[in-house]
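The values are calculated or read from the model by the stated rules, or taken from the named source; none is laboratory data. Everything numeric in this text was worked out from a predicted model, so none of it was measured. Don't worry about glycine lacking a Cβ; one is built from the backbone with ideal geometry, like all the others, and counts go over all protein chains shown.
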Amino acid sequence: MAEFLQFLLSGITVGAIYALVGLGFSIIYNASHVINFAQGEFVMLGGMGTVFLMAAGLPLFVAVPLAVCIVVAVGLILEKFAVEPARDATVVTLIIITIGASIFIRGAVEVTLGKDFHRLPGFSGDAPIMIGGAALQQQSLWIIGALVVVVAGLKWFFEHTRLGKAVLATSHNRIAAQLVGIEVRTILLVSFGLAAGLGALAGILTAPITLTKYDIGIMLGLKGFAAAILGGLGSSFGAVAGGIVLGVIEAMAAGYVSSAYKDAVAFVIILGVLFFMPSGLFGAKGAERV
Amino acid sequence: MGDRAQKSPFNLSVAGKGHGGSKDAPLASFASTGEGPGQDDIRPVRTVGAWLFSARTGGVLLLAAIVAILPLFLPNNFYFDVAIKTALHAIVCVGLNLLIGYAGQISLGHAGFFALGGYASAILTARFGWPGLVAMLAGAVGVGVLAFLVARPILRLKGHYLAMATLGLGIIISIIINREIPLTGGPDGMSVPALWVGPWRLTGAVTWYWISGIVLVLAVWLALNLVESPMGRALRALHGSEVAAETTGIDVTRYKVLVFVVSAVFASIAGSLFAHAERFVTPVEAGFLRSIEFVTMVVLGGMASIFGSVVGAAILTALPQVLAAVHDFKHLALGAILIAVMIFMPKGLVPTLAALWRRRVG
């Protein structure tokens with residue numbers, strides 16, 4: 001039982017990270033129908049940025065917001081100078097652009113910050129809390145807490161602010177949104193900034209547990225994409241649910257089946273789900289328009 | 001999906017007629033952007049010149065000529081090796097372009113098929129002593145069957161869901177190759193015996209240059225023929241609209257499965273050749289990044305342009321070697337170039353340049 005609880009706790013922790021990354025995918029997809037393959041790089045930049053800001057002597061509570069701001073700026077720059085100029089291109093072209101951006105960002109970090117592993121200290125110490133025989137890292141509480149705050153914040157943003165409602169309107173029908181006077185270009189910028197910030201947050205929160213390195217964004221990005229797809233693309237609730245489900249399944253598979261194949265298990269599950277539910281768990285069923 | 005060129009049903013019915021006798025104008029077919037046989041270009045072949053300048057003959061002859069002449073400019077084995085990799089990557093991309101460019105179905109997992117072909121050759125020859133060609137064939141058949149089995153459920157998916165599923169398939173293959181250490185050598189990779197064909201032991205960069213070059217020409221010729229066959233027209237029709245294609249009597253599922261299998265087999269054979277040419281395979285060949293590279297080559301060169309795939313493969317295989325001069329800045333430069341080309345030439349290099357050329361010529 002303690003064993004099960006242990007796997008469950010670590011699964012939820014990892015799942016919360018996937019959920020945060022998946023939310024970024026979901027937000028950008030909603031606004032632009034682009035899958036942003038540089039999302040994982042935002043995660044990496046958040047962690048690496050904080051590490052180096054702290055190494056420069058800044059305390060954690062200054063370094064974290066500063067790193068998030070830097071990554072948000074990177075997200076805005078990416079949208080402004082790489083995605084925006086190719087507005088009329090096909091989705092595949094846009095995907096390739098974000099892939100180019102991810103290679104570029106990885107390359108830039110490789111050159112400037114190096115290829116070593118780095119670790120952040122736990123935000124509130126590294127002593128685990130014991131619950132029913134299972135150890136819960138304090139950092140897990142930070143991660144789960146952050147996810148709860150983010151979800152509540154997003155809900156408030158989308159339902160109670162003009163800007164949030166404009167983003168929602170754009171995701172439902174871009175032309176209609178434009179017709180009622182929403183500046184769609186601004187919405188795109190906002191969505192990239194928001195996604196970058198969420199990614200950075202995920203990267204910073206996870207750095208004390210999993211370490212961080214210039215190339216950790218690849219797998220984290222894929223898992224986030226998987227979470228968003230599993231839940232049904234474009235659904236924020238789906239991305240969170242998909243992330244948690246993915247994290248828990250992965251932890252259980254690693255614990256009870258084979259840790260060597262834990263990454264494979266996640267993708268097998270996704271294939272299985274997609275075979276039977278082609279729009280993910282909570283995605284809208286689409287019909288082709290002729 | 002807003003990412004597809006809109007086509008009128010009228011255009012589709014032209015495309016579906018079968019024997020329109022359409023031979024695209026020479027440069028139009030170099031650059032045919034999946035618009036089906038454009039109405040402007042439908043004209044019967046009259047002269048030897050037109051025959052010679054059509055993509056299927058002239059283009060293939062040009063490619064063959066380049067393959068034949070290129071060795072004169074390759075100073076040493078290192079460059080031959082880059083040329084071999086270019087040709088083998090190009091074979092994968094030519095097959096992948098049938099799937100992405102013509103049928104409009106994305107795959108982010110083709111490195112998996114490439115690696116399966118490579119490892120089938122490696123394992124069957126090294127561990128079980130099979131003759132090389134038989135192993136290669138077995139790999140191709142195995143990959144073909146696998147692709148056939150997964151194609152039906154996978155190709156039911158659309159857009160990004162399809163991307164996720166193919167990506168997942170590729171990653172699963174790559175993880176299996178990484179973990180089955182007794183069989184595959186794991187992350188360290190495994191060495192591959194030389195390929196024997198009858199009494200000949202095929203080794204050396206120059207020999208493999210010719211082998212991969214010839215196979216590439218064959219692959220391009222085959223793909224061009226497929227594109228202009230009823231299958232090619234069916235693919236372009238379903239790319240436009242699956243519902244519309246179905247109402248004109250095209251078995252959409254069958255053609256999608258078929259093109260998926262064909263592209264997977266192309267990748268498998270290229271992978272087998274790669275294993276024997278390099279005499280070594282590693283799981284890197286199966287990785288997600290390799291899959292992405294293949295797709296990038298296709299898009300960079302130009303979707304629905306067979307020659308574009310060859311150009312894209314050549315650039316993205318050779319460029320990192322050239323950029324190795326700037327060493328640390330390699331990835332930085334690669335990413336920047338990729339973004340710039342996609343912004344300024346969203347249709348890809350070959351179609352964009354061909355359109356420019358046509359405008360200047362008239």
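Observations on the model:
- Any hit, region B:199-209, residues being out of contact with any Asp or Glu (no Cβ under 6 Å at 6 or more places or on another chain), without any contact (Cβ under 8 Å) to a residue 24 or more places away in the chain, in a helix (DSSP H, G or I) and under 29 Å from residue B:307 (Cβ atoms): yes
- Looking across region A:52-108 at every residue that is surrounded by fewer than 16 Cβ atoms within 10 Å (Cβ to Cβ) and within 14 Å of chain B (Cβ to nearest Cβ), the one that is modelled with the highest pLDDT is identified as A:77.
- Only one of the numbered conditions (1) crowded, with 16+ Cβ neighbours inside 10 Å; (2) of a type in the set (A, V, I, L, M); (3) closer than 23 Å to residue B:223 by Cα is not met by residue B:192, and that is (3).
- For region B:199-216, taking the residues that are surrounded by 19 or more Cβ atoms within 10 Å (Cβ to Cβ) and under 15 Å from the mean Cα position of the chain (by Cα), the one that is nearest to residue B:275 (Cα to Cα) is identified as B:212.
- Filtered by the rule that a residue be more than 17 Å from residue A:210 (Cβ to Cβ), in contact (Cβ under 8 Å) with a residue 40 or more places away in the chain and out of contact with any Pro (no Cβ under 9 Å at 6 or more places or on another chain), region A:40-63 gives a lone residue, A:52.
- The listed residues are A:182, A:249, and the only one of them that is more than 21 Å from the chain's Cα centre (by Cα), crowded, with 17+ Cβ neighbours inside 10 Å and more than 17 Å from residue A:40 (Cβ to Cβ) turns out to be A:182.
- Filter result for the condition that a residue is within 18 Å of residue A:44 (Cα to Cα) and either in contact with a helix residue (DSSP H, G or I) (Cβ under 8 Å, 6 or more places away or on another chain) or of a type outside the set (Val, Ile, Thr) (or both), over A:163, A:233, A:211: A:211
- Residue within region A:140-152 that is surrounded by fewer than 22 Cβ atoms within 10 Å (Cβ to Cβ) and on the phi > 0 side of the Ramachandran plot present: no
- The criterion of at least 1 residues that are within 10 Å of chain B (Cβ to nearest Cβ) and closer than 20 Å to residue A:36 by Cβ is met, among helices (runs of 4 or more DSSP H) falling completely within region A:188-290, by A:217-231, A:262-276.
- You will find that of A:241, A:253, A:228, A:264, the residue that is under 20 Å from residue A:99 (Cβ atoms) and not hydroxyl-bearing (Ser, Thr, Tyr) is A:228 and no other.
- Any hit, region B:236-248, residues being modelled with pLDDT of 90 or more and within 23 Å of residue B:291 (Cα to Cα): no
- On the stretch given as region A:109-145, residues that are within 14 Å of chain B (Cβ to nearest Cβ) and within 23 Å of the chain's Cα centre (by Cα) total 4.
- Residue-level check: of (1) in contact with a strand residue (DSSP E or B) (Cβ under 6 Å, 6 or more places away or on another chain); (2) closer than 16 Å to residue A:192 by Cα, residue A:51 misses just (2).
- For region B:344-362, a residue qualifies if it is buried (at least 22 other Cβ atoms within 10 Å of the Cβ) and small (Gly, Ala, Ser), and the qualifying residues are B:348, B:354.
- Some residue of region B:330-342 being assigned to a loop (DSSP other than H, G, I, E, B) and crowded, with 17+ Cβ neighbours inside 10 Å: no
- Some residue of region A:101-119 being touching a residue at least 60 places away in the same chain (Cβ under 8 Å), closer than 30 Å to residue A:57 by Cα and of a type in the set (Asp, Glu): yes
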